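Contents: one structure, followed by commentary.
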Amino acid sequence: MSRVLTRIKPVVFLACLVPATLLAWNFWGVTHNRPEALGADPVREAEIFTGLWTLRFLAITLAVTPVRELLGVGALAKYRRMFGLFTFFYACIHVSMWIGVDWYFDWRAMGGEIVKHKYILLGMTTFVLLVPLALTSTKGSVRRLGGARWARLHRLIYIAAITGTVHYLWAVKKDTLFPLVYLLVFVVLLGFRLWERYVGPLRLRAPRATRGSARRTASLPSAPTPSSGPLGGAK
C-alpha cells in the first residue's frame, strides 16, 4: 500500500489542481463566448467556489490522520502537507478574488466591510490563521522551531476549521444545510483527536509491519506503544 500511495502522489497532485483548472476555464469562457459559464454574478460564484474548495481541502487535510490511524496506512502521512498547502492555495485565490476583483484593491472600503460584516472578519481571521501554517510547512521549519513548538503552532488548523465553517454559515444566512454539514464533519474530525487524547487510540486495523521489522519484533519482548501527542500530535 505504501508503495502504491507513493507512486500515485503525482496523480493526486494533478487531481487537486482540477478545481483551479475548471475555474480558470470558466473565467476564460466568461470573457469569450460563454458569458453564462459562472452564472449571473461570476465574481460571487468564483468566491463561493474557491471558498468551498478551501473548506474541502481543510477537511481532507484533517482527515488524513484519522484515516491513517484507523486503517493502519502510515503512508498517508506523506499527503498531509500537500493537502494542507492546497488548502492555503485555494484560500489565497478566494481572498485574492475578494480583494482584487470584487473590490479592486480599495483598502479603505474593504476595511469598512470587514468591520461592518462579522462573516468577512471571521473569514479574514481564518486566512490569517492559515498563513503561519503554510509558511512553516517545511521540514526545515520543524527543525528550527522544534517539534513541540511546531506542533503547538499547527494546532491553529483546528481553530481555522471552526472559524472557516462559521464564516460560511454566516455568509449564506438562510440556506444553512451545507455549512452545518461541514461543521459536523469538522466536529467529528476534531472529536477523533480528543478521543485519542483523553480516552485511547482508535484502530480498525493494525499498521502493517515490514517483513524485516516483523522478524525483529517477534524476537523481542513486547513493549508499550508510545501514545500520540496532544490532540493526535497536531496532525
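Give me the angle, in degrees from 0 to 90, between the Cα long axis of helix 177-198 and the longest principal axis of the Cα atoms of the chain, rounded to the nearest 10. Roughly 30 degrees between the two axes.
Angle between the Cα long axis of helix 107-116 and the longest principal axis of the chain, 0 to 90 degrees, nearest 10? On a 0 to 90 degree scale, this one is about 70.
So what's the angle, to the nearest 10 degrees on a 0 to 90 scale, between helix 156-172 and the longest Cα principal axis of the chain? Helix 156-172 sits roughly 30 degrees off the main axis of the chain.
Dipole magnitude for the range 85-189: computed about the Cα centre from +1 point charges on Lys and Arg Cβ and -1 point charges on Asp and Glu Cβ, it is near 540 debye. Other residues within the sphere of radius under 11 Å centred on the Cβ of D41, judged by their own Cβ, net out at -2 (K and R +1, D and E -1).
In straight-distance terms, cross-link reach from K116 covers every one of the lysines whose alpha-carbon lies under 25 Å from its own, apart from those fewer than eight places away in the same chain; here that gives K173, K174. Largest first, the residues R152, R108 sort by 1.4 Å accessible area into R108, R152. Per residue, the convex hull spanned by the alpha carbons of the range 105-164 comes to 89 Å³.
Dipole of the chain (Lys/Arg Cβ +1, Asp/Glu Cβ -1, origin at the Cα centre): which of L202, S137, C16 lies farthest to the positive side? In the chain, that residue is L202. In this Cβ point-charge picture (+1 for Lys and Arg, -1 for Asp and Glu), the range 27-170 has a dipole of about 980 debye about its Cα centre.
Protection proxy ranking of 166-174, 9-17, 114-122, by the mean of other Cβ atoms within 10 Å over each peptide's residues and highest first, is 166-174, 114-122, 9-17.
If the segment from C92 to E45 were pulled out straight at 0.36 nm per residue, it would be longer than the present Cα-Cα gap by 15.3 nm.
Label sites at V188 and V101, each approximated as a point 7 angstrom past Cα along Cα to Cβ, lie 3.2 nm apart.
Calculate the FRET efficiency for L180 and H117 from the Cβ-Cβ distance with a Förster distance of 22 Å, rounded to the nearest 0.05. After rounding to 0.05, the efficiency reads 0.60. In the chain, the DSSP-assigned H stretches of four residues or longer account for a calculated mean residue ellipticity at 222 nm of -23000 deg cm²/dmol, using -39500 (n - 2.57) per stretch and the full residue count as denominator. For the chain, the equivalent ellipsoid derived from the alpha-carbon gyration tensor has semi-axes of 38, 21, 16 Å in decreasing order. The ellipsoid that matches the Cα gyration tensor of the range 1-132 has semi-axes, each √(5λ) in whole angstrom, of 32, 20, 10, with the longest given first. In this rough spin-label picture, where each label sits 7 Å from Cα along the Cβ direction, the Y198-A77 distance is 2.6 nm.
Enter the accessible area per residue of the range 53-136 (Å², integer; probe 1.4 Å; all protein chains in place). I get 48 Å² per residue for this part.
The values are calculated or read from the model by the stated rules, or taken from the named source; none is laboratory data. As the structure is a computational prediction, the values presented were derived from the model and not from experiment. When we count neighbours, we look across all protein chains shown, and the Cβ atoms used for this are built from the backbone with ideal geometry, even at glycine. Please note that ligands, DNA and RNA were not included when accessible areas were found on the heavy atoms of the full protein model with its side chains. Shrake-Rupley method; radii C 1.70, N 1.55, O 1.52, S 1.80 Å.
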